[in-house]
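Heads up: the structure comes next, in structure tokens.
Since every read-out is calculated from the coordinates, none of them should be taken as a lab result. As the structure is a prediction and not an experimental result, all values here were calculated from the model. All Cβ positions, glycine included, derive from the backbone under ideal geometry; neighbour counts span all protein chains shown.
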């Protein structure tokens, strides 16, 4: 579902000059297994996911998502993905239901189809009590639940999740984890970035550790546990980062 090949993206700032945030990154993410992209702050995770979500254009390399090339057909890529971050902006003067209808219509859905999807997410994420309240009255957790529903309203085959539980309470974080599990069961391609190693350990089948823009290690979680002789993903991650090998 996701094929990334030699993806490179550079930026320039006054202190560092030109630097590569993503440096010839390559990996595959099929439908079903969850791909966990792990790394320290500034490692290049968010830049990678924003490139895949067509929010940034790569300097070189490319990727295919659901069969469509990132550079040749970005519009088709956008129709096939759902992108969720821990800080997704919402229209504060609209209700949650109005936002979901708006984005569903942008995806070409009928009102009846959107209503059916809203019913599913309202039950799954326990949103019925606030769906018809304006978003400026929402808690952080309520906003993120609407963001999840917005991400999935058009039932995309590819999900790109960038720190989706950042700053959330335990109950809302658990709801998001369950939503990712359901997406996995449905055979969707899921790429999931997180700082919480316990979430990655519970959800991810394959782990990619990115460091200074490059893929430091790429393996199944089961293989990593065998190689490092531990079940603790924190320990595995720190040992990978400390290892001087590329």
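Take every DSSP beta bridge whose two residues both sit in region 67-208; close to 10 percent of them are antiparallel. DSSP beta bridges fully contained in region 158-246 are about 55 percent antiparallel. If you average the C-alpha positions of region 18-46 and of region 192-237 separately, how far apart do those two centres end up, in angstrom? So the two Cα centres are separated by 12 Å.
Taking 1.306 mPa s as the viscosity and 10 °C as the temperature, the Stokes-Einstein diffusion coefficient of region 137-246 based on its alpha-carbon Kirkwood radius rounds to 104 µm²/s.
Its alpha carbons considered, region 1-55 gives a radius of gyration followed by a Dmax of 12.5, 42 Å. Over the residues of the chain, the helix contribution to mean residue ellipticity at 222 nm works out to -11500 deg cm²/dmol, using -39500 (n - 2.57) for each DSSP H run of at least 4. When the chain is treated as a GNM with alpha-carbon contacts under 10 Å, the residue of 172, 119, 85 showing the greatest mean-square fluctuation is 119. For region 55-106, averaging the sequence separation of C-alpha pairs within contact (under 8 Å, six or more residues apart) and dividing by the residue count gives a relative contact order of 18 percent. What is the diffusion coefficient of the chain in µm²/s, taking the Kirkwood radius over Cα pairs and the Stokes-Einstein relation at 37 °C with a viscosity of 0.692 mPa s? This corresponds to a translational diffusion coefficient of 175 µm²/s.
Averaging the sequence gap over all C-alpha pairs within less than 8 Å and six or more residues apart, then dividing by the number of residues, gives region 111-188 a relative contact order of 29 percent. When only Cα pairs below 8 angstrom with a gap of at least 6 residues are kept, region 7-104 shows a relative contact order of 21 percent. Remark: 199, 75 ranked as 75, 199, counting other beta-carbon atoms within 10 Å and listing the fewest first.
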